[in-house]
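Taking it in order: structure first as structure tokens, then the write-up.
The values are calculated or read from the model by the stated rules, or taken from the named source; none is laboratory data. As the structure is a prediction and not an experimental result, all values here were calculated from the model. Neighbour counts run over all protein chains shown; Cβ positions are idealised from the backbone, glycine included.
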Amino acid sequence: MAPLYDLVSTAVYPELSGDMAMKVGGEKEAKRLRARHWISFFGEAELGPAMAIQRMRKLSATLQTEARTLGKEIHDSGSITELVGERCASILSHRWDA
């Protein structure tokens, strides 16, 4: 699933292009990617959309929690990790709530 690499590596850096290497459900721009695009993507791949979406939501929730936890753990080191963790969690929650 190469598009996931694009999402993680570019979403937290607004100065980078939001275009992914490949489309997901017909969408190439990462910031416009929503659950409906993943549903379409899973259908195109002949995977069970309901189960796939359930797993993606679980993954999204786990990533949000882990991003916030990691940011808080590293915050004392004086780095920007907490900000990046919060930004990642925010991006994930907005994409699945829409």
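Of the candidates GLU66, GLU15, the single residue that is out of contact with any His (no Cβ under 9 Å at 6 or more places or on another chain), at pLDDT 80 or above and not in a helix (DSSP H, G or I) is GLU15. Just name the residue that is modelled with the lowest pLDDT out of those in the stretch 18-32 that are surrounded by 12 or more Cβ atoms within 10 Å (Cβ to Cβ) and in contact with a helix residue (DSSP H, G or I) (Cβ under 6 Å, 6 or more places away or on another chain). Within the stretch 18-32, the match that is modelled with the lowest pLDDT is GLY18.
Among the residues of the stretch 40-50, those identified as more than 19 Å from LYS28 (Cα to Cα) and either modelled with pLDDT of 80 or more or over 18 Å from the mean Cα position of the chain (by Cα) (or both) are GLU46, LEU47, GLY48, ALA50.
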